[in-house]
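A short worksheet on the structure shown next.
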């Protein structure tokens, strides 16, 4: 097996905060209500369950579920467009 030390790891990053900001109208004014873009507020808006906050595994799961809900909302708003990770990141 060849050594791959120093090789980069190609990773796509999804920012659920940015996706929620876009969903609220795209501008910072759209989310001007204090706390509108907080993880737990966004989860409530998408009808997701409440979890105990600030535990690494739980927060990771909460973000993953939020991403899936955001993706479903994007698909529902634009069914003619296939929503892939590349579409969301763009």
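Since every read-out is calculated from the coordinates, none of them should be taken as a lab result. Everything quoted here is computed from the prediction, not taken from an experiment. In this analysis, Cβ positions are derived from the backbone assuming ideal geometry, glycine residues included, and neighbour counts consider all displayed protein chains.
With a 10 Å Cβ neighbour count serving as the proxy for reagent exposure, in which order, fewest first, do 14, 50 appear?
On the way: 14 16, 50 9.
Starting with the residue having the fewest Cβ neighbours, the order is 50, 14.
How far apart, in nm, are two points set 7 Å out from the Cα along the Cα-to-Cβ line at residue 53 and at residue 65?
1.5 nm
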